[in-house]
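The values are calculated or read from the model by the stated rules, or taken from the named source; none is laboratory data. Note that the structure is a prediction, hence the values are computed from the model and not measured. For neighbour counting, all protein chains shown are included, and Cβ atoms are generated from backbone atoms with ideal geometry for every residue, glycine included. Ligands, DNA and RNA are stripped out before the accessible areas are found, and what is left, the full protein with its side chains, is counted by its heavy atoms. Shrake-Rupley method; radii C 1.70, N 1.55, O 1.52, S 1.80 Å.
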Amino acid sequence: MIDDTHKADRTSWVSSANGHATFPIQNLPLGVFSPDCGSARGGIAIGDSIFDIGAALEAGLFTGAARDAAEAAAGRILNPLLEAGPAARQALRRRVGDILDANNADAVKAIAGRLVHDSDRCAMHLPARIGDFTDFFAGIHHAETAGRINRPDNPLMPNYKYVPVAYHSRASSVRPSGGLVRRPNGQRKPPEQAAPDFGPCRNLDYELELGVWIGPGNDIGSPIPIAEASRHVAGFCLLNDWSARDIQSWESQPLGPFLSKSLSTFVSPWIVTAEALAPFRIAQPPRPAGDPAPLPHLNDPADQAHGGFDIGFQVLLLTPKMRQAGAAPHGLSRSNASMLYWTVAQMVAHHTSNGCNLQPGDLFGSGTVSGTAPGSEGCLLEMTRGGRNPVSFPNGETRTYLVDGDEVIFRATARRDGFVSIGFGECRGTVTEALALG
Ligand code: MN
């Protein structure tokens, strides 16, 4: 999987890409953008610019399999490319890498202005039409810490180490990074209150998750074996699973979260491809002594050897007071994808093991990715122990849960010695006030 597209000495004629912390030529993530006054179309991030796949097609820069792939990626949703699978993505990646290579500068000099747009002047959209969104619970330290708040002696349910637990969440309210999330109204029932009332969520939280974009998928009734699961994973993003904790704790019994999650989910707009992340794959960390082995249909030696990822995550918060003072956002926590108890391939195999069909453009959330140390919590519920211990910031402010005007920012970087680091781009969202009750 590691090839010339990952070579560390490769540079681009898009000079901002060289040394770029997020989008060097070794990354080439896929997205959908609108340039100034232009229609939505497929593109690839390169430095501070966006490569216009359709413009390159018009200029005749693609042939063969790369041309088919570029045609599937040039429109206003990337579902056709996701459906086409890894060979198509790889052909597109190889050819776009060559087009953007510094050695190709002379060949494209005359049309370079048409091939790339300044990303500051572009709007980003969701990269795909999302048929279904499934949210997993694979962050074991989140599951334990959150479970301990309600069940101190028995934080993990007995199924946790056998079943990659998940629920079907809402696809229609998934939005791209950068927008506002409205504080939801809902039913709240604090323990001291005999009956619920309806009003603005008091315990609004974020959840730091790895998002997974599904590729070809399967027919109903035809499970994806774990050994084939990675063929169906097109790429990754950051995902903020906004969570209304007070609404969640009241509504979730017995069928799980509903309106506490469907208010909205934000994703970073770029699909960082499975190919771009190949150098950052790691062995799935061994299960602690005494844990059961995964059941055979979830246990694949190759997946255990290469199915994990070393991706560093950071959560930052910009409060209205910090914004007014011109201060930088405050770093709340850091975590890593290696904290997940289940691999993405195990999620795919489990999801389809009953015959359920996945479709191109389906989205998974990994579950909140938390570590064990203070400062590695993936949500405020954990960081504040259910709102009991406020966190304080250098400017004297404190938070238990989010306040209107707070902006939550997620970042992710994959690093490995000998390779150029790549980033995901940000997933940002700002909380806005609840609708007034009529
Ligand atoms: Mn979640």
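If you check PRO254, PRO216, PRO225 for being in contact with a Gly (Cβ under 6 Å, 6 or more places away or on another chain) and farther than 20 Å from ALA337 by Cα, only one passes: PRO216.
Considering region 147-178, and only residues there that are over 23 Å from TRP342 (Cα atoms) and surrounded by 15 or more Cβ atoms within 10 Å (Cβ to Cβ), the residue that is farthest from the ligand (Cβ to nearest atom) turns out to be GLY178.
From the list GLY64, GLY42, GLY60, GLY38, the one residue that fits, being modelled with pLDDT under 95 and of a type outside the set (Val, Ile, Thr), is GLY38. Considering only residues of region 276-287 that are in a loop (DSSP other than H, G, I, E, B) and open to solvent by less than 80 Å² (accessible area, probe 1.4 Å), which is farthest from ALA87 (Cα to Cα)? Residue satisfying both the conditions and the ranking: ARG287. Reported count of residues in region 54-89, each being more than 24 Å from ASP3 (Cα to Cα), of a type in the set (Gly, Ala, Ser) and in a helix (DSSP H, G or I), is 2. Residue count for region 359-418 satisfying the condition of being of a type in the set (Gly, Ala, Ser) and free of Cβ contacts under 8 Å to residues at least 40 places away in the same chain: 3. Inclusion of ALA234 among residues that are open to solvent by less than 10 Å² (accessible area, probe 1.4 Å) and either within 12 Å of the ligand (Cβ to nearest atom) or assigned to a helix (DSSP H, G or I) (or both) is not warranted. Looking at region 198-207, can you tell me whether even one residue there is part of a loop (DSSP other than H, G, I, E, B), among the hydroxyl-bearing types (Ser, Thr, Tyr) and touching a Phe, Trp or Tyr at 6+ places or on another chain (Cβ under 9 Å)? Yes: region 198-207 contains one or more residues that are part of a loop (DSSP other than H, G, I, E, B), among the hydroxyl-bearing types (Ser, Thr, Tyr) and touching a Phe, Trp or Tyr at 6+ places or on another chain (Cβ under 9 Å). Of all the listed residues (GLU144, GLU83), the sole one being charged (D, E, K, R), open to solvent by 20 Å² or more (accessible area, probe 1.4 Å) and closer than 30 Å to LEU259 by Cα is GLU144. The selection criterion, being of a type in the set (Ser, Thr, Tyr) and within 16 Å of the ligand (Cβ to nearest atom), does not hold for SER376. Take the conditions (1) open to solvent by 40 Å² or more (accessible area, probe 1.4 Å); (2) closer than 19 Å to ARG93 by Cβ; (3) acidic (Asp, Glu); GLU251 misses just one of them, which is (2). Scanning region 22-37 for residues being in contact (Cβ under 8 Å) with a residue 12 or more places away in the chain and either in a strand (DSSP E or B) or more than 17 Å from PRO269 (Cα to Cα) (or both) gives a total of 9. Of the candidates VAL96, VAL108, the single residue that is hydrophobic (A, V, I, L, M, F, W, C) and surrounded by fewer than 24 Cβ atoms within 10 Å (Cβ to Cβ) is VAL108.
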